[in-house]
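All of the numbers you see were taken from the coordinates with simple rules; none came from a lab. None of the values given here were measured: they were computed from a predicted structure. Here the Cβ is made from the backbone with ideal geometry for all residues, glycine too, and neighbour counts use every protein chain on show.
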Amino acid sequence: MKIRLVVSDFHIGKGKVLPDGSFNYLEDFFYDRQFVEFMQYYRKGEFEKENVELVCNGDFFNHLHLDADEQDPDLLSERVALTRMEEIFKGHLEVFEEMKAFTQTPNHRVIFMLGNHDPGLLWPKVADFLKKKLASNVEVFLEPYVEGGVHIEHGHRFFADSAYDQKRLFLKEGLSEPIINLPWGCLFVIHYLGFVKKERPYFDKVYPVAHYIRWALIHDTTFALRSIANILLYFIGFRFVKDPSRRSPFWQTMKLLKEMAVAPDLERQAKKILLTRRDCHVVVCGHTHDYLIRHYSADKTYINTGLWNEKVNLDPPFLGRTVRLTYALIEWDERGKPIPLLKEWRGTYHITEDVYN
Ligand SMILES: [Mn+2]
């Protein structure tokens, strides 16, 4: 029996506690124990003899911003990406030890897909690092993974702020070493979000954004006004960056704003893939941080695997702070048709656990 598990959007950083003992506000991933138990469950017992593939469908790592006081964190060279990978492994030792045990189990393998938070995967040495640290049956996919009637991709390429420039993935001119040509949204995460999270670590975890803006204007007024002013300054400033490779011409800024105003709809894109390709029965994406399962017909299903980070929801029917460790599980019937399920990992029951905030 073949089983494919898909998870996404862990945004794993360098750990929740920094070497000096302080809380790392740039870390988003606090579910090490749960994920370790998840991998153990699917490599032991009834799954030990099965063919199990774990697909980490993008934004699994946070390669964008690991250190609050790093100089030029946006210069993501191969050397910098490798250093960040090493720090991520060190900050979550148990996760990667268990992942190694998983990949070393016969007929078990791990696939890392490219997202917009882990552009380091574009560097060949990062793929080598993962193979060396885990096992040789670990693979990095930069393009959608299409197999067995199932199409898997992170989904960032449909969003103007997060899509890579396919014609210019790297920047070389005038630089001491090549760097990744980060999409605009990534630069925003590095330059703006990191700065704001210092004051309000939950800033990027509140959904929906429109509700949060209204909430902050009323209940956190000075901060909201200051943040809005800073966003405007950031946009304007972007046009006058000294480094020509990073400067954004006026027309490009306008184009971006226009594209962002037309809210991209990942479900619509997934549906299009499903309906235009006869042999495609399941599409799995991440990126939007909203778990979702939609059946368009008996053999056309879209799954979004959500995220393994905390969310603060201001939408009345879902009000509150929540985390749901959601994932997709795909099996194939005897005729080779995929059977897709959206699942939630409930883990092993523990009487006590540590609390962080
Ligand atoms: Mn993403």
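Criterion first (more than 23 Å from Pro264 (Cα to Cα) and β-branched (Val, Ile, Thr)) does Ile152 satisfy it? Reasoning before the result, please.
Numbers: more than 23 Å from Pro264 (Cα to Cα): no; β-branched (Val, Ile, Thr): yes.
No: the conditions fail for Ile152.
List the helices (runs of 4 or more DSSP H) inside region 88-195, counting only whole elements, that have at least 2 residues being surrounded by fewer than 20 Cβ atoms within 10 Å (Cβ to Cβ) and within 16 Å of the ligand (Cβ to nearest atom). Show your work before the answer.
Details: elements: 93-103, 124-133, 184-188.
It comes to 184-188.
What is the one condition in (1) under 17 Å from the mean Cα position of the chain (by Cα); (2) more than 16 Å from the ligand (Cβ to nearest atom); (3) farther than 27 Å from Glu331 by Cβ that Phe35 does not satisfy?
(3)
Among the numbered criteria (1) over 18 Å from the mean Cα position of the chain (by Cα); (2) within 18 Å of Glu267 (Cβ to Cβ), which single criterion is violated by Gly306?
The number of the failed condition is (1).
Looking at region 310-333, can you tell me whether even one residue there is assigned to a strand (DSSP E or B), touching a Pro at 6+ places or on another chain (Cβ under 6 Å) and of a type in the set (Val, Ile, Thr)? Working first, answer last.
Let us first name the residues in region 310-333 that are assigned to a strand (DSSP E or B), namely 311-313, 320-322, 326-332.
The next check asks that each one be touching a Pro at 6+ places or on another chain (Cβ under 6 Å); those that pass are 330, 332.
Cutting the leftovers down to of a type in the set (Val, Ile, Thr) gives us 330.
For region 310-333, residues assigned to a strand (DSSP E or B), touching a Pro at 6+ places or on another chain (Cβ under 6 Å) and of a type in the set (Val, Ile, Thr): present.
What number of residues in region 1-31 are farther than 18 Å from Asn304 by Cβ and either touching a Cys at 6+ places or on another chain (Cβ under 8 Å) or among the small types (Gly, Ala, Ser) (or both)?
Looking only at that region, the number is 4.
Out of Leu66, Leu54, report the one residue that is over 21 Å from Lys205 (Cα atoms) and either away from the ligand (no atom under 16 Å from the Cβ) or surrounded by fewer than 19 Cβ atoms within 10 Å (Cβ to Cβ) (or both). Walk me through it before giving the result.
Values: Leu66 fails: over 21 Å from Lys205 (Cα atoms).
Testing whether each residue is over 21 Å from Lys205 (Cα atoms) and either away from the ligand (no atom under 16 Å from the Cβ) or surrounded by fewer than 19 Cβ atoms within 10 Å (Cβ to Cβ) (or both) leaves just Leu54.
Which of the residues that make up region 3-50 are more than 18 Å from Phe112 (Cα to Cα) and not in a loop (DSSP other than H, G, I, E, B)?
Val17, Phe23, Arg33, Gln34, Glu37, Gln40, Tyr41, Gly45, Glu46, Phe47
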